[in-house]
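In what follows, a structure is listed as structure tokens, so that the remarks can point back to it.
The values are calculated or read from the model by the stated rules, or taken from the named source; none is laboratory data. Bear in mind that the values here come from a model prediction, so they are computed numbers and not experimental data. Reconstructed Cβ throughout: ideal geometry from the backbone, glycine too, with neighbour counts over all protein chains shown. All accessible areas refer to the heavy atoms of the entire protein, side chains included, with ligands and DNA or RNA removed. Shrake-Rupley method; radii C 1.70, N 1.55, O 1.52, S 1.80 Å.
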Amino acid sequence: MTAIDRTAYPRLGLRLNHEELSARYTLTETDRDFVCANTRGEVGSLVLAMLLKTRQDFGRFPALGEMHLDTVAHLASQLGSRASTWPGNSHGTTSLYRYQAAVRAHLSVTPYEDEAEALVTRTTLEAAEAMSDPADLINRAVETLQVASIDLPAFRSEERRVGKECRSRWSPYH
């Protein structure tokens, strides 16, 4: 099992200080226009803003329940939101999928699907010619997906895929 902290896989980690929040989660005028054009209501605006900024920051959409309340409050204050509670993982699934699709279109990125799987498999197998550490292979996969503007899969999915490829590649029965 590969430790996530040995890889370049982006993760939420610790709470951000004020400077980090400002640098990573300050909405531009374009961001605000996008959020206003694609939502109705304060909670929806806050959720969409969070999805937009986390996709820009991490290359994926973390679960809403993973978000630090300081980050939520920082975005809410920029939106002039009076929403008293963060919906966490209880926000409607249909809206969430619609918001994710809107963010992808806005950022010109694509979801992780079959073509991405084939790209990562090919890249990882090529990298395995010179590397054997699963963390290095995961890093290569992350880099490939970021360059291709494709959402990152969950870390555990990537870890399992790399482990499976490593076992089949180096198995004496292969």
Accessible area of Asp31, 1.4 Å probe, to the nearest 10 Å²? 10 Å²
Report the net charge of residues surrounding Leu48, where surrounding means a beta-carbon distance below 14 angstrom and charges are Lys +1, Arg +1, Asp -1, Glu -1. +3
